[in-house]
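Below is one structure, written out as C-alpha cells; comments come after it.
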Amino acid sequence: MQWIAFFLVFLLYSCSKTQYNVRVKAPINENFAGIITKCVPRADIEKAITNEGLSYRVLSEKDNLFEIYGSNENDLKELFANINKKAKFVKNKFIRSRTKVDDLNVSQFMYGPWSLSDLYDDFHHLKQINKDMIPKKFNGKGVTIAILDTGIAMAHVDLSGQIKVNDKEVSKNGKDDDQNGYIDDYQGWDFVNWDNSPQDDHGHGTHVAGIAAGKIAGVAPGAKILPVKVMNADGSGDIGTIVAGIRYSIDQGANIINLSLGSTFIIPHELIQLINEVTRAADKDVLFVAASGNGGGDQVGDCNEDEHHYPSDIENENVISVASINEFDELSTFSNYGPVSVDLAAPGDSVDGGILSTSFGNGIEFDAYERMRGTSMATPIVAGAAAILKQHGQNLKVNELIQLILENVDKTDELMPLLKSGGKLNLSKAFFNQD
C-alpha cells in the first residue's frame, strides 16, 4: 500500500538554544506544506503555528528538522513572512513519498522455548552462508546494527539481551540526559509515535532483528541491535521519518544500518535528502544494507535498472543491495534483480514458507517464531555477516568491507547475468580470505 499526500519538509536553523519538545504522531494522509527558514527564533515559529491551530512534528530535535501539516503553502508563506522576512520558500508542492516493508506472506507460528539444537536444522539460511564454519568467538561482538523498521518486540526471549543501551541516558527519568533531543532514549527511538518505546506493532521489525542478531536465530548473536521505529502498524512509512531515523542511528554510533524497506516512487527532493544522509553516514564509515525489493503487485521480481527501487539503488560506496534466493540457491521468483544496481543474493525464501526467525506473535507471547519470505529477510543476513566480518577485521573501511563480501560470493550460472557480483553470500569464504 502506498499512501500519498502533499508535503514539504522544512529545515529550521534556530538562533535560539531553547529546547522545545513537540510530540505529534506521524500523519498518514494529511495535507502538508513547509518552509525553509534561517535564524528564525523557534519560539516565534511555535507560537505562530499554535495560534493558527496547525499541527507539526519534529523529525529531529538535534538537527531541527520539522514538518507542518493541515495548511497550504500560500497561507504558510503569509504567516511566516509576518514573523521574519528571511523565511525562504520552495516554490513547488511535492507528493509525499511513502515506502513499505519488503516482505511477503507469513507462513506459520512456532512456540518455544527452544534451544539452538532444537531449531538449528530449521535455520537453513545459516548453513547456506556457511555460518557453521566461522569460529564461535566471531559473532559480531562490538558491532551495532540499527534496524530501521516497524519496531522490535524487545521482551522476546531471543532479543531481550541484544538491545543496545544508551548508557548516557538514565532510563525513565523524564530528562534528556545526553542532550541529544530525545528524552529517555535508553533503548532506541520511535519516530512514528515520537516516544522512547520503539515497540513493534506489526511483526516485520521483530523478524528482521532476529535474523540479524537474535541469540538463537541470528547470524551475529554477539552484535547489538539498535531499534529505530520508522514504519507504522501497516508496515508503511515516509522518507522524512526514515531520514530522521538514519540521523539518529548515526549519532548513536551504529556501524551498520539495515533497511528492509523500499519504494519505486520517491520524489527528487526527498531522494536528495535520503542520499545526503547516506553520504553523511559514509563519512562516519557506516554501512547500509538495503533490500532490492519484491517486484510489483504481481509479486514477480523486476529489474531495478528498468524502474529504480530506493534506497537500495543509491549508488554510494557504503550501500549494498540484496536480492533473495531460495534454499536451492535460485533467485526467488519475487526478488528484484539488476546486473548494475543489485549487488548480491542471500537466503530469503524456502519451500517451507521462508526464513525462520523471531515473531511478534500476538503481542503477548514472547517466545514465538515464524517464517517470512522476502528480500527483507535476505537483507539482515548480509547485515549480520557484515557484523562478523567487521569484528574480525576491525580496521576495515566500509568500502573495503563491501569489496570483501562481493569478491567472495559463490557465483552461479543463473545469478551471474542478474546481479553485480554474480553470486550469493558466502560468509566463510569472505572470513577466511580476510587475512
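Could you tell me how many cubic angstrom of Cα convex hull volume the stretch 121-191 has per residue?
Dividing the Cα hull volume of the stretch 121-191 by its residues yields 137 Å³.
Calculate the spin-label point distance for residue 411 paired with residue 399, positioning each point 7 Å from the Cα along the beta-carbon direction, and give it in nanometres.
Reported label-point gap for residue 399 and residue 411 is 2.3 nm.
Whole number please: convex hull volume per residue, Cα atoms of the stretch 182-290, in Å³.
106 Å³
Using DSSP to define loop residues, name the chymotrypsin sites (Phe, Trp or Tyr not before Pro) in the stretch 226-328 whose beta-carbon has at most 11 other beta-carbon atoms within 10 Å.
Here the chymotrypsin sites (Phe, Trp or Tyr not before Pro) that fit, given the DSSP loop and packing criteria, are 328.
Applying a 10 Å radius around every beta-carbon, put 218-228, 277-287, 307-317, 422-432 in order of their mean neighbour count, most first.
The peptides rank, most packed first, as 218-228, 422-432, 307-317, 277-287.
Under 5 Å between amide hydrogens, which residues at least 5 positions from residue 423 or on another chain qualify, with H placed 1.01 Å from N in the peptide plane?
345
Using a 10 Å cut-off on Cβ atoms, rank the peptides 151-160, 199-208 from the highest mean neighbour count down.
In decreasing order of mean packing, 151-160, 199-208 become 199-208, 151-160.
Using only the Cα atoms of the stretch 239-369, what are the Rg and Dmax in Å?
Calculated on Cα positions, Rg and Dmax stand at 15.8, 44 Å.
Going by accessible area, probe 1.4 Å, with all protein chains left in place, what is the ranking of 371, 247, largest first?
247, 371
From the C-alpha coordinates alone, can you work out the Kirkwood hydrodynamic radius of the stretch 307-435, in Å?
It works out to 15.3 Å.
The values are calculated or read from the model by the stated rules, or taken from the named source; none is laboratory data. Computed from a prediction, not measured in an experiment: that's the story for all the values here. Reconstructed Cβ throughout: ideal geometry from the backbone, glycine too, with neighbour counts over all protein chains shown. For accessibility, only protein heavy atoms count, side chains too; no ligands or nucleic acids. Shrake-Rupley method; radii C 1.70, N 1.55, O 1.52, S 1.80 Å.
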